[in-house]
Amino acid sequence: MTNTNEPLLEVRNISVGFSDRSMPPALQEVSFSLKKGEILGIVGETGAGKSLLARAIIDMLPGDGCIVDGEIRVNGHAISTMTPQQRRGYRGGEVALIGTNAKSLLDPVVKVGEQIARVLRAHRGINKKDAWQESIRLFEQVGIVNPEKRAHAYPHELSGGMAQRVVIAMALIAQPKILLADDATLGLDATIQLQVLDLLVEKGRELGLAVVLITHDLGMVASYCDRVGIMKAGRLVELTTIRSFLNDGPQHPYSRELLEAARVRPLPMDGQPAQPGAEAAPLLEVTNLVKLFHVEGSTEPVRAVDHVSLTIRKGETLALVGESGSGKTTTGQCLVRLLQSDSGSIRFDGQETLTLSDKQFRNVRRRMQMVFQEPYVALNPRWRVRDLVAEPLKLGAPLTRAAKQARVLELLDLVGISRAKADVYPHELTAGEQKRVGVARALAVNPDFVIFDEPTTALDIRVRAQIIDLVRDLQKRMGLSALFITHDLNSVRSLAHYVAVMRHGKIIEQGPTEEIFANPKEAYTRKLLEAELPIEVREEAPMRAPQAELRA
Amino acid sequence: MRPLSAQRSVAGKATLIIGLVLLAIQFVAIIFAPWIAPYSPETADPINALQEPSLIHFFGTDVSGMDIFSRVIFATRINLLISVTAVAIAFVIGVPLGLAIGYYKGWGSSLAMRFFDFIQSFPVFVLGMVLVSVMGQEIWNVAIVLAVLFTPVFARLIRAEVLSLRDRPFIAAARCSGATDSAIMFQHILPNALTPAIVQISISIGMAILLTAGLSFVGAGVRMPTPEWGLMVSNGAQQMILGIWWVALFPGLAIVFSVLTFALLGDAAKQLFDPQTRSSS
């Protein structure tokens with residue numbers, strides 16, 4: 001057995017390089033050690049080398065990558081001295097890696113219970129029937145409701161959170177001593193993320209594992225980890241306890257920048273609605289909007305948007321929040337008529353839009369624009385930035401070529417993209433720049449109203465802060481009215497005057513932002529708010545109290 | 001990953017260069033045929049019939065005494081003319097057709113697809129023979145027959161691409177920016193959908209050359225004395241058993257040479273357009 005004082009995992013000064021020696025090593029002189037029962041959070045932006053570090057620890061470097069310097073010791077044994085046989089036992093035996101998108105890690109044509117049972121039989125040499133029983137017991141342990149039934153499910157029949165639980169159960173079978181979670185909850189809804197993390201950390205503490213949580217969410221690290229490491233460009237620039245990181249402040253300037261960017265922007269939002277009160281005429285008035293989707297093999301249509309009513313006045317911003325599948329994006333798509341609504345009314349500046357023909361709707365399009373969710377896929381890959389930004393201009397009055405070009409450059413300045421980038425293709429831009437191009441397109445024809453679909457999702461910490469700043473700036477300078485569709489509640493606080501909470505196609509609660517945040521009336525709203533992980537030191541027990549299972 | 005894609009792209013470039021060299025040789029034959037060919041391709045000279053290959057007749061002479069070398073050179077014009085024309089027609093009709101069928105779903109597009117099934121389910125030669133015998137054995141008719149055969153190929157390829165592109169977010173974004181249906185089809189979808197069809201051009205030309213030759217061979221293509229490779233092979237086949245091998249062999253080799261050219265070019269195009277190899281650049 002290990003001595004408790006001795007580190008379980010020791011990473012000594014490792015550098016990882018690829019065969020292309022002209023490039024600097026992808027990881028440079030990374031050192032840390034981890035004791036039994038300890039949880040370390042590794043935080044960094046895209047390309048910082050976080051995943052590579054995890055792959056180095058589990059001895060599965062991609063391609064021709066190899067450790068060029070330093071060594072990794074587990075239980076006092078250096079990995080480099082192990083025989084191939086020992087290494088195989090080490091991977092997945094002593095160290096387990098849990099990755100993003102659990103569904104892709106499961107075999108799509110085998111029942112999940114059977115997949116677990118196979119691993120059990122391989123590791124413990126028990127017979128088929130016992131393995132199946134044991135796998136059901138494991139499902140129970142990782143908090144899967146109705147394990148007998150779930151064990152018979154195929155991966156595609158599970159939700160993302162369920163699949164992640166199955167993967168965690170699988171990882172725990174071999175009784176590893178070290179658990180690496182590489183963005184294991186990326187893409188899961190906040191409440192589900194909370195459940196999965198609770199489970200992961202609870203199991204880690206219970207079994208005395210050393211856990212490494214790799215993430216770009218400082219809130220997650222603050223809530224679950226004992227220590228935090230900040231990575232930048234392949235280096236571990238800071239490694240300290242979470243308490244000193246948050247209370248005494250980060251030492252490294254980059255960590256400071258990151259923490260500042262991740263913290264909620266100064267709140268509440270300082271832009272005031274133009275004319276508070278009911279006397280101002282509503283710009284957008286949605287009444288009892290309904291959108292049905294017909295599912296094959298079912299006579300009962302899915303009510304994606306179910307009698308949604310909301311009002312936005314000039315200069316106001318409303319945030320539509322809710323988890324995936326709640327119908328927020330569908331609502332937005334109905335507003336700009338990417339989807340035909342089934343019933344209800346959408347009045348824009350006093351005019352009913354549902355009865356307009358496509359041609360008549362063009363006038364509305366000019367005044368109502370949308371910024372799309374995923375920055376890259378919403379831009380035609382074969383168009384240059386210049387043409388992408390110029391495209392919506394044809395909605396307005398005809399412009400001369402020169403006027404068009406001038407307007408494009410003006411817009412690029414407005415959203416903070418260098419004019420030199422006007423002639424590049426979308427794939428040559430960073431995610432933040434792609435998002436900015438999306439914003440520039442929406443603003444091209446000076447719309448009165450803009451729908452932002454998940455403006456801050458899937459962006460790195462600092463880029464997210466920049467986009468929030470940009471949108472705030474636009475709200476102030478242009479008096480823009482906007483609808484935010486998001487599940488990032490932190491950004492809602494700094495961006496929206498009003499919040500509407502959506503669930504199962506219905507708006508269950510709406511009101512002024514601060515009121516909702518301070519005093520949510522619905523249990524579901526409270527649950528959503530609780531699932532936000534604040535970036536502050538937890539004063540109570542080191543582990544979060546596990547949340548009650550959220551049942552739909 | 002990088003070395004692999006680099007390797008593939010080098011292989012792609014080598015294939016491309018070889019293909020282009022072979023193509024250049026055929027272009028020389030097409031343009032300079034009257035100067036290269038020592039004899040007229042359509043003049044019979046019964047006295048010198050069935051001469052063995054020699055310095056006077058490089059590839060020998062056929063049953064009517066026509067110089068095979070001259071005929072092989074001149075036939076490059078006919079064969080490539082038919083094939084390129086056929087594929088060009090198929091491309092020009094098939095691409096917009098596939099675009100429309102993919103973009104507008106409805107009974108019209110289903111009907112068009114079933115019609116393509118109908119065309120493509122016929123054995124190629126039966127269909128070719130029927131059409132040519134109805135329309136007459138003219139060069140242009142052969143080209144039209146081939147165009148009919150190839151149009152569904154291009155339409156299907158484009159349609160498949162359009163179906164996956166039409167629901168992509170950038171199309172929705174374009175619609176919000178006021179793009180009309182035709183702008184979405186021609187400016188947004190088409191440029192993104194064209195790659196496989198462009199690769200297919202070369203492959204189809206190769207197939208068209210084979211089919212042209214095949215139709216002539218079975219007597220449903222062009223007629224004597226037009227110099228055409230398949231026809232020449234057909235004529236030579238009768239003498240083959242008599243030990244007169246040269247009449248069929250040389251035009252046969254010309255077919256192989258030409259088909260190989262376009263197969264190589266198609267292969268090179270496929271490798272060079274492959275997004276996996278292209279992304280590294």
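Selection of segment A:469-514 for residues being acidic (Asp, Glu) and modelled with pLDDT under 90 yields A:469, A:473, A:488, A:514. For segment A:145-181, the set of residues classified as under 20 Å from residue A:100 (Cα atoms) and among the basic types (Lys, Arg) consists of A:165 only. Each residue in segment A:358-382 was checked for being of a type in the set (Ser, Thr, Tyr) and at pLDDT 90 or above, and 0 pass. The residues of segment A:498-526 that are in a helix (DSSP H, G or I) and of a type in the set (Phe, Trp, Tyr), listed by number, are A:517, A:524. Scanning segment A:341-357 for residues that are without any contact (Cβ under 8 Å) to a residue 12 or more places away in the chain, within 27 Å of residue B:182 (Cβ to Cβ) and either not aliphatic (A, V, I, L, M) or not in a loop (DSSP other than H, G, I, E, B) (or both) returns A:355, A:357.
A single entry from A:414, A:409, A:443 fulfils the requirement of being surrounded by fewer than 17 Cβ atoms within 10 Å (Cβ to Cβ) and in contact with a helix residue (DSSP H, G or I) (Cβ under 7 Å, 6 or more places away or on another chain): A:409.
Checked against the criterion of being in contact (Cβ under 8 Å) with a residue 12 or more places away in the chain, among the aliphatic types (A, V, I, L, M) and crowded, with 24+ Cβ neighbours inside 10 Å, segment A:185-193 has no qualifying residue.
Can you report the number of residues in segment B:173-188 which are of a type in the set (A, V, I, L, M), within 11 Å of residue A:441 (Cβ to Cβ) and touching a Leu at 6+ places or on another chain (Cβ under 8 Å)?
Qualifying residue count for the region: 1.
Just one of the numbered conditions (1) buried (at least 23 other Cβ atoms within 10 Å of the Cβ); (2) free of Cβ contacts under 8 Å to residues at least 60 places away in the same chain is not true of residue A:207: (1). Suppose we keep only residues that are closer than 14 Å to residue B:149 by Cβ and either at the interface with chain A (Cβ under 9 Å from one of its Cβ atoms) or of a type in the set (Ser, Thr, Tyr) (or both) within segment B:174-212. Which one would you say is nearest to the chain's Cα centre (by Cα)? Ranking the qualifying residues of segment B:174-212, first place goes to B:204. The set of residues in segment A:356-372 that are more than 7 Å from chain B (Cβ to nearest Cβ) and touching a strand residue (DSSP E or B) at 6+ places or on another chain (Cβ under 7 Å) comprises A:364, A:367, A:368, A:371. Of all the listed residues (A:481, A:491), the sole one being within 30 Å of residue A:347 (Cβ to Cβ), hydroxyl-bearing (Ser, Thr, Tyr) and either under 23 Å from the mean Cα position of the chain (by Cα) or surrounded by fewer than 18 Cβ atoms within 10 Å (Cβ to Cβ) (or both) is A:491.
So that you can scan it fast, the table gives a plain yes or no per residue for (1) among the hydrophobic types (A, V, I, L, M, F, W, C); (2) under 15 Å from residue A:447 (Cα atoms); (3) facing chain B (nearest Cβ under 10 Å); (4) crowded, with 18+ Cβ neighbours inside 10 Å:
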| residue | (1), (2), (3), (4) |
| --- | --- |
| A:323 | no, no, no, yes |
| A:337 | no, no, yes, yes |
| A:346 | yes, no, no, yes |
| A:385 | yes, no, no, yes |
| A:395 | yes, yes, yes, yes |
| A:400 | no, no, no, no |
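Taking first residues from segment B:254-266 that are under 12 Å from residue B:210 (Cβ atoms) and partners that are in a helix (DSSP H, G or I) and of a type in the set (D, E, K, R), no Cβ contact under 6 Å between residues at least 6 apart in sequence or on separate chains turns up. The numbered conditions (1) within 28 Å of the chain's Cα centre (by Cα); (2) part of a helix (DSSP H, G or I) are all true for residue A:114 except (1).
Take the conditions within 30 Å of the chain's Cα centre (by Cα), within 10 Å of chain B (Cβ to nearest Cβ) and crowded, with 20+ Cβ neighbours inside 10 Å and apply them to residue A:378. Does it pass? Break it down stepwise before answering.
Details: within 30 Å of the chain's Cα centre (by Cα): yes; within 10 Å of chain B (Cβ to nearest Cβ): yes; crowded, with 20+ Cβ neighbours inside 10 Å: yes.
So residue A:378 fits the description; yes.
In the condition set (1) within 14 Å of chain B (Cβ to nearest Cβ); (2) farther than 20 Å from residue A:505 by Cβ; (3) of a type in the set (S, T, N, Q), residue A:351 is compliant with all but (1). Scanning segment A:420-473 for residues that are more than 12 Å from every other protein chain (Cβ to nearest Cβ) and among the basic types (Lys, Arg) yields A:421, A:435, A:436, A:462, A:464, A:472.
Any idea which of A:171, A:163 is in contact with a strand residue (DSSP E or B) (Cβ under 6 Å, 6 or more places away or on another chain), touching a residue at least 40 places away in the same chain (Cβ under 8 Å) and not assigned by TED's automatic domain parsing to the domain that holds residue A:11?
Numbers: A:163 fails: in contact with a strand residue (DSSP E or B) (Cβ under 6 Å, 6 or more places away or on another chain).
Going through A:171, A:163 in turn, just one is in contact with a strand residue (DSSP E or B) (Cβ under 6 Å, 6 or more places away or on another chain), touching a residue at least 40 places away in the same chain (Cβ under 8 Å) and not assigned by TED's automatic domain parsing to the domain that holds residue A:11: A:171.
Picking from A:413, A:453, which residue would you name as being modelled with pLDDT of 85 or more and either under 23 Å from the mean Cα position of the chain (by Cα) or under 23 Å from residue A:336 (Cβ atoms) (or both)? Walk me through how you get there before you give the answer.
Working: A:413 fails: either under 23 Å from the mean Cα position of the chain (by Cα) or under 23 Å from residue A:336 (Cβ atoms) (or both).
Being modelled with pLDDT of 85 or more and either under 23 Å from the mean Cα position of the chain (by Cα) or under 23 Å from residue A:336 (Cβ atoms) (or both) holds for just one of A:413, A:453, which is A:453.
Quick check, is residue B:226 among the β-branched types (Val, Ile, Thr) and closer than 16 Å to residue B:267 by Cβ? Judged against the criteria, residue B:226 is not a match.
When the residues of segment A:279-325 are filtered to those that are charged (D, E, K, R) and assigned to a strand (DSSP E or B), which remaining residue is nearest to residue A:364 (Cα to Cα)? Walk me through it before giving the result.
Just the residues of segment A:279-325 that are charged (D, E, K, R), to begin with: A:279, A:285, A:291, A:296, A:300, A:303, A:306, A:313-314, A:316, A:323.
When the remaining residues are screened for being assigned to a strand (DSSP E or B), the result is A:285, A:291, A:303, A:306, A:313.
On the way: A:285: 14, A:291: 20, A:303: 26, A:306: 24, A:313: 16 Å.
Taking the candidates together, the pick is A:285.
Applying the selection to segment A:78-102, what residues are exposed (fewer than 15 other Cβ atoms within 10 Å of the Cβ) and in a strand (DSSP E or B)? The one that is exposed (fewer than 15 other Cβ atoms within 10 Å of the Cβ) and in a strand (DSSP E or B): A:78.
The values are calculated or read from the model by the stated rules, or taken from the named source; none is laboratory data. Everything quoted here is computed from the prediction, not taken from an experiment. Neighbour counts run over all protein chains shown; Cβ positions are idealised from the backbone, glycine included.
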